[in-house]
Amino acid sequence: MFDDYLWFEGVPLPSLGFKPEIIRELRDNFVVKDEDIVTLSYPKSGTNWLVEILCLIHTKGDPKWIQSMPIWDRAPWLEAENGFMSLQGMEGPRLITSHLPFQLFPRSFSSSKAKVIYIIRNPRDVSVSGYFFWEKMNICKIAKSWDEYFEWFIQGNVPYGSWFEHIHGWMSMRERKNFLVLSYEELKKDTRGTIEKICKFLRKKLEPEELDLVLKYSSFDAMKENKMSNFSLFLRNDSTILLRKGVTGDWKNHFSEAQVEAFNKTFREKMAGFPPGLFPWE
Ligand code: PPS
């Protein structure tokens with residue numbers, strides 16, 4: 001049981017598996033290579049779904065890789081101690097995963113041509129997904145109830161800090177040619193079309209039957225069955241830890257009326273500067 005987070009320059013991070021000297025080192029000295037592909041997200045936004053899709057695009061739908069190597073080894077998690085170590089020794093184009101806010105990401109990114117995909121999700125669903133996830137992971141302090149977690153989420157007192165600040169930081173990059181913003185909602189609504197969009201961004205060509213395989217092996221049910229992707233290697237026998245529900249709108253089952261109002265008000269205030277229509281869930 002942890003009673004706090006690891007705080008790094010005002011950002012709360014999980015207490016287990018993270019070290020301040022690694023965060024500092026990666027921000028200041030990690031070199032993002034032009035051929036890297038980076039999946040970025042605020043936690044619980046569909047990161048692993050996107051990583052699975054990227055791995056399958058890479059193998060043209062062949063599931064051997066995703067079924068034989070844990071997802072965190074295929075696309076190491078930059079800021080985690082293990083991920084950082086394995087990225088150091090990796091040759092060739094790398095798949096990199098990160099939840100870091102903009103200000104903590106490697107500075108070398110500003111001059112890199114690496115392709116970055118930032119996946120966003122309705123923060124209401126993100127908060128519900130996070131509530132159930134962090135409790136099971138047990139790598140940081142845990143809320144006693146949903147109501148408590150809701151307050152923490154609004155305040156940014158949850159792993160990786162404020163959702164609103166994460167979005168503000170990374171969305172400032174959205175006009176860059178090597179930066180693609182996707183939403184969990186569009187991936188859910190039109191999975192095939194969104195995978196085609198990803199292929200276009202990465203300049204990868206898939207035949208229709210290869211695309212079918214990518215769809216098949218990255219589906220919620222297939223990922224839930226795949227022990228290399230469902231986090232059951234973390235918590236044995238629990239394939240629901242990551243693959244919980246996989247739907248949009250589950251927040252409606254958890255938010256009270258007062259929470260709906262409080263969230264709407266906070267969202268309006270904090271997101272006021274963004275153009276209408278940018279967030280598909282609003
Ligand atoms: S993490 O731990 O922060 O990296 O989590 P992340 O992968 O970003 O998000 C987990 C949520 O994504 C859902 N998910 C999927 N939905 C649909 N299809 C597929 N294939 C899929 N894979 C993961 C997962 O169920 C989590 O959402 P919730 O709402 O908790 O179910």
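Values quoted throughout were computed directly from the atomic coordinates according to the rules given, and no laboratory measurement underlies them. Predicted model only: the values in this text are computed from it and were never measured. Cβ atoms come from the backbone with ideal geometry, glycine included; neighbour counts cover every protein chain shown.
Remark: relative contact order (the stretch 135-282) = 21 percent; criterion is Cα-Cα distance under 8 angstrom and separation of 6 or more residues. With contacts taken as Cα pairs under 8 Å at a separation of at least 6 residues, the chain carries a relative contact order of 25 percent. Each principal axis of the Cα atoms in the stretch 24-143 has its own extent, and those three values, largest first, are 40, 37, 25 angstrom.
Comparing mean-square fluctuations of Ser145, Ser112, Ser232 from a GNM of the chain with C-alpha springs under 10 Å, the top value falls on Ser145. Pairs of alpha carbons in the chain separated by more than 31 Å make up 23% of all such pairs. Between Pro208, Pro159, Pro93, the Gaussian network model of the chain with springs among Cα atoms under 10 angstrom shows the greatest mean-square fluctuation at Pro208. Going from the residue with the fewest nearby Cβ atoms within 10 Å to the one with the most, Trp146, Trp251 rank Trp146, Trp251.
Size check on the stretch 157-282: the Cα extents along the three principal axes, sorted descending, read 45, 40, 24 Å. Among Thr240, Thr39, the ranking by other beta carbons within 10 Å of each residue's beta carbon, starting with the fewest, stands as Thr240, Thr39.
The GluC sites (Glu not before Pro) of the stretch 119-225 that DSSP puts in a loop, and whose beta carbon has at most 11 other beta carbons within 10 Å, are Glu175.
Given in Å, the Rg to one decimal and the Dmax to the nearest whole number for the Cα atoms of the stretch 126-224 are 17.5, 49.
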